[in-house]
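Reviewing the structure listed below.
The values are calculated or read from the model by the stated rules, or taken from the named source; none is laboratory data. Quantities reported herein were computed from a predicted structural model and do not represent experimental measurements. Glycine gets a Cβ as well: all are built from the backbone with ideal geometry, and neighbour counts include every protein chain shown. Side chains are part of the model used for accessible areas, which takes the heavy atoms of the whole protein and leaves out ligands, DNA and RNA. Shrake-Rupley method; radii C 1.70, N 1.55, O 1.52, S 1.80 Å.
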Amino acid sequence: MPVIHFVTTSGETLTLAAENGRSIMEVAKANDLPMLAACGGALACATCHVIVDPEWYDRLDPPSEDEEDLLDTAHGLTPTSRLCCQIRVSDALDGIRVTLTPMD
Ligand code: FES
């Protein structure tokens, strides 16, 4: 099973195994990480905003136009920001590192 490294807003790293095909948001929620993900993955809220480690960012499928539009509304946007309900876990992402963003 691929693993995902989640870095919390306080700098702690949590490494979690994740099933292929789930979204990174689903993995975070299933493990009670602090993430609102208010729309449940419907690409309608931007509260699943994470910052992807630059080393990994280019390995992801590029964001859709809808995701980019929503990302523009996210707090603390960075060049490697993504909405993690749109990132599917796969073997190719084994070891990816994402940083959570504040919930408020
Ligand atoms: Fe709402 Fe990702 S959970 S956009």
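Side notes on the structure shown:
- Two-site label geometry, residue 8 and residue 68: point separation in nm, points 7 Å out along Cα→Cβ: 3.5 nm
- Using the 1.4 Å probe convention, the accessible area of segment 1-63 works out to 53 Å² per residue with neighbouring protein chains retained.
- Relative contact order (percent, whole number), segment 25-78, Cα cutoff 8 Å, 6+ residue spacing: 30 percent
- Per-peptide average of other Cβ atoms within 10 Å, ordering 25-31, 74-80 highest first: 25-31, 74-80
- Cα shape, the chain, gyration tensor, a/c 1.5 rule: rounded
- Here the chain carries DSSP beta bridges of which approximately 75% are antiparallel, counting only pairs with both residues inside.
- Extreme residue, positive dipole direction of the chain, given options 34, 78, 47 (C-beta unit charges): 34
- Gyration tensor verdict on segment 19-63 (Cα atoms; rounded if a/c is under 1.5, prolate if a/b is larger than b/c, oblate otherwise): prolate
- Relative contact order (percent, whole number), segment 44-104, Cα cutoff 8 Å, 6+ residue spacing: 55 percent
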